[in-house]
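Data first, discussion second: the structure below is written as structure tokens.
The values are calculated or read from the model by the stated rules, or taken from the named source; none is laboratory data. Remember, it's a predicted structure, so these values are computed and weren't measured experimentally. We place every Cβ from the backbone using ideal geometry, glycine too, and count neighbours over all the protein chains shown.
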Amino acid sequence: MSNDSTKKSILEADGLYHVYESKAEDGNVVALRGLYINMKEGEAVAVVGPSGSGKSTLLKCLGGLMKPSAGSVTLDENNMTRLKGKELVRLRQKTVSFIFQDGNLLPHLNARDNVAEPLRNQGVRSKEALKRADEMLERLSMPHRARALPMMLSGGEQQRVAIARALITNPRLILADEPTGALDPVTGRAVLDIFKELNEKEGVSFLIVTHSKEVAAFANRSLELRDGRFVAEHGAEIDVEDLTEGRELLIDDLGTVTLPPDLLVRIGGSGRYSVAVAESGMLTLQGESYSTIGELVLSATCPACKHDYGDSDEQECPSCGSSRPMVEASS
Ligand SMILES: Nc1ncnc2c1ncn2[C@@H]1O[C@H](COP(=O)(O)OP(=O)(O)OP(=O)(O)O)[C@@H](O)[C@H]1O
Ligand SMILES: [Mg+2]
């Protein structure tokens, strides 16, 4: 079973914080606010959440591409936050591959050289690396474009090259940021079939950021990220367009629970609640002094970049992508 607690962890993070420091007037951005995650070998996990909630930041911190401001990341039972230089590179190379939101190919190398590059970095001879690159491009229905430079490829083709590059090293874990976002539905499904096959037959683990129903349905579970915190977990039947259904709230080891914004609005908003029932597996709260329903409204300006929403009821800031918070009406 994929959730078996005795199974080996492929990826763990604890107390993960990330702050983008800025000298600009609007100051620092806290992108991750104390995340915990434990992925078992062979699991497929999706991360869902609005634009600006920290999904890409999380992936980069988990894969060792960016050092988190605080907290630890353990990859294949090695604490990455303690490793440096060559050791870190070696651990990454043999365990994990990335698929970025925007292909992220080397612009001066053609498709097959881009795909072969990670193998060459591992010391595989160039001829052998190119042969395997051609096979992988074939698997992704891209052999005819093998000699094209990235700038000559469409967005979807670049994405397929990036996927081929990620798969070529036979990684045990794939971290993917909207991997099918740039693909048409048919190609997207073909890529997902490859992921499924790798997951089911070879036990490759996946952590995938996605807005796609199909991709989320492939995952064993989905974590809902809001403003840098995991607020809930969803099972395999997640509806990415309506996260209010079927979610389970998460309480961490410190006892922290963060309510999804829509749920906070439903219970009446922030304030004081007394504990009516607290027993094993059960907690009921009784509102005592809270801002009543109707007093919470969408914030008029973006707290991150000060964008003025005017009359719009957008949920995400069009200029910086942060999710729009609910605030108390000034009446
Ligand atoms: N290099 C950076 N410098 C400063 N702030 C950043 C940087 N990258 C991201 N941010 C901010 O950190 C927050 C999280 O960004 P992130 O890119 O992780 O969001 P996301 O969930 O991946 O969004 P999207 O769905 O649009 O890709 C946002 O408020 C964003 O503006
Ligand atoms: Mg992103």
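Only one of the listed residues (GLY64, GLY49, GLY34) is within 16 Å of ligand 2 (Cβ to nearest atom), buried (at least 16 other Cβ atoms within 10 Å of the Cβ), under 16 Å from the mean Cα position of the chain (by Cα) and not assigned by TED's automatic domain parsing to the domain that holds GLY321. That residue is GLY49. The single condition from (1) small (Gly, Ala, Ser); (2) surrounded by fewer than 23 Cβ atoms within 10 Å (Cβ to Cβ); (3) within 30 Å of LEU249 (Cβ to Cβ) that GLY188 fails is (3). Identification of strands (runs of 3 or more DSSP E) wholly contained in the stretch 1-84 with 1 or more residues that are in contact with a Gly (Cβ under 6 Å, 6 or more places away or on another chain), within 16 Å of ligand 1 (Cβ to nearest atom) and on the phi < 0 side of the Ramachandran plot yields 9-20, 29-40.
For the stretch 174-194, the condition of being in contact with a His (Cβ under 6 Å, 6 or more places away or on another chain) and either on the phi > 0 side of the Ramachandran plot or of a type in the set (S, T, N, Q) (or both) holds for none of the residues. Looking only at the stretch 217-235, filter to residues that are surrounded by fewer than 22 Cβ atoms within 10 Å (Cβ to Cβ) and among the acidic types (Asp, Glu); which one of those is farthest from LEU249 (Cα to Cα)? Checking each candidate, the answer is ASP227. Summed over the stretch 114-144, residues that are in contact with a Lys or Arg (Cβ under 9 Å, 6 or more places away or on another chain) and either crowded, with 19+ Cβ neighbours inside 10 Å or within 25 Å of LEU88 (Cα to Cα) (or both) total 15. Restricting attention to the stretch 238-256, the residues that are in a loop (DSSP other than H, G, I, E, B), touching a residue at least 12 places away in the same chain (Cβ under 8 Å) and either in the same structural domain as GLN315 (by TED's automatic domain parsing) or within 24 Å of SER280 (Cβ to Cβ) (or both) add up to 5. Show the residue pairs meeting these rules: Cβ distance below 6 Å; 6+ apart or different chains; first residue within the stretch 1-24 and loosely packed, with under 12 Cβ neighbours inside 10 Å; second residue modelled with pLDDT of 85 or more and not in a strand (DSSP E or B). Matching pairs, first to second residue: LYS8/GLU41; GLU21/ASN28; SER22/ASN28.
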